[in-house]
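*Asks:* Supplied in structure tokens, the structure appears directly below.
What follows draws every value from the coordinates through simple rules; no lab data is involved. Just so it is clear, the structure is predicted and the values come from calculations on it, not from any experiment. Here the Cβ is made from the backbone with ideal geometry for all residues, glycine too, and neighbour counts use every protein chain on show.
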Amino acid sequence: MTEPKLAQEPKVDLGVKAGQDTKEPGRENPKYLWRSGEMVEWDKATVHISQLGWTAISSVFEGIRAYWNNDRQELYVFHLDAHLKRLSQSMKIMRMTSPFSKEELSEAITGLLKANEFRGDAYVQPLAYFGGGIPGYLAVLERPGEIVITARPSASELSAPKVVHCNISSWNRISDNVMPPRAKAITNYQNSRYVSTESRVNGYDFGIILNSTGKVSEASYACIFIVRDGVAITPPISAGILESITREVVKDL
């Protein structure tokens, strides 16, 4: 694997204005993000105000976990190939082509994690969108998307026992003939946001979403399993779910 190339003065800026404090309380910003083939210093990644909003309509992304093994002093990325395959599928649904191969994006992610020198669990987010000032609501066919990858420290909760309280949401799940939920698109998450907001207002942690036929689809930000007679059961893809990678892994266990 080649060493990450650091761009001191990126040709195109993306992110936040230089010098602006974007840190969450108690969290430091990482050193770098990756944009269209270059490693860019976090605080130098900016975007023009006119790019906000409309660009997000056609944006697709992935949320990828990386887990730190303290004994081996190594960071392990969770099913990276599967995530990049789903990103490619989401881009295809948006009629967006990728200027980078899966292998190049894989190398970009591992290079970004190395450049940021993470020594703990991390969350990686590749994001693809139509740039160039094109409003996301316009029909754009087979145009290359721009890709930016960010990574942040994010502690895993896998080993922490946790009970959550759920309600059945009054909002229905979006369907394939409305806004295909199989695409991991930012706009699809407005459905999840409505569900999550309703749940929090009423004192719950998550909302369980039913599809238009009244069948269980998924939770506001998660897939659902129940165990019956020792068998794990989960809604099918046809129930309007995101094709969850975690779901497939659990099914294979």
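*Asks:* Which angle between 0 and 90 degrees, to the nearest 10, do you get for helix 189-201 versus the longest principal axis of the chain when only C-alpha atoms count?
*Replies:* 60
*Asks:* Which of 38, 218 comes first, and how do the rest follow, when ranked by fewest Cβ neighbours within 10 Å?
*Replies:* With the sparsest Cβ surroundings first, the list reads 38, 218.
*Asks:* Something else about it: Rounded, prolate or oblate for region 97-253? Axes are the square roots of the Cα gyration tensor eigenvalues, ordered a ≥ b ≥ c, and the cut-off for rounded is a/c under 1.5.
*Replies:* oblate
*Asks:* Angle between the Cα long axis of helix 102-115 and the longest principal axis of the chain, 0 to 90 degrees, nearest 10?
*Replies:* With rounding to tens, the tilt is 70 degrees.
*Asks:* Taking a label point 7 Å from the Cα of residue 162 along the Cα→Cβ vector, which residues of region 210-224 have an amide N closer than 20 Å to it?
*Replies:* Backbone N within reach: 218-224.
*Asks:* Something else now. Given the -39500 (n - 2.57) contribution per DSSP H run of 4+ residues, what per-residue ellipticity at 222 nm results for the chain, rounded to the nearest 500 deg cm²/dmol?
*Replies:* Counting only the DSSP helices, I get -6000 deg cm²/dmol.
*Asks:* Pairs of Cα atoms under 8 Å, at least six residues apart: use those to get the relative contact order of the chain, whole percent.
*Replies:* Contact order relative to length: 18 percent.
*Asks:* How about region 63-93: which trypsin sites (Lys or Arg not before Pro) there lie in a loop by DSSP and see at most 10 other Cβ atoms within 10 Å?
*Replies:* 72
*Asks:* Charges on Cβ only, +1 for Lys and Arg, -1 for Asp and Glu, centred on the Cα centroid of the chain; of 196, 131, 66, which one is farthest towards the dipole's positive end?
*Replies:* Value: 196.
*Asks:* Determine the alpha carbon to alpha carbon distance for each of 44/162; 102/162; 31/251; 31/184; 92/114 and list only those over 31 Å. Show your work: numbers first, answer last.
*Replies:* Details: 44/162 39 Å; 102/162 35 Å; 31/251 37 Å; 31/184 27 Å; 92/114 29 Å.
Violating the 31 Å Cα-Cα cut-off are 44/162; 102/162; 31/251.
*Asks:* I want the local charge near residue 125. Using Cβ-Cβ distances under 10 Å, sum +1 for each Lys or Arg and -1 for each Asp or Glu among the other residues.
*Replies:* 0
*Asks:* Let me ask something else. Determine the distance separating the Cα centre of region 183-241 from the Cα centre of region 56-86; give it in Å without decimals.
*Replies:* Spelled out, the Cα-based centre of one part sits 22 Å from the other.
*Asks:* A further question follows. Sort region 166-252 into rounded, prolate or oblate with this rule: let a ≥ b ≥ c be the square roots of the eigenvalues of the Cα gyration tensor; rounded if a/c is under 1.5, and if a/c is not under 1.5, prolate when a/b is larger than b/c, oblate otherwise.
*Replies:* In terms of gyration-tensor shape, oblate.
*Asks:* Kindly provide the trypsin sites (Lys or Arg not before Pro) of region 177-231 that DSSP labels as loop, not H, G, I, E or B, and whose Cβ sees at most 14 other Cβ atoms within 10 Å.
*Replies:* 215
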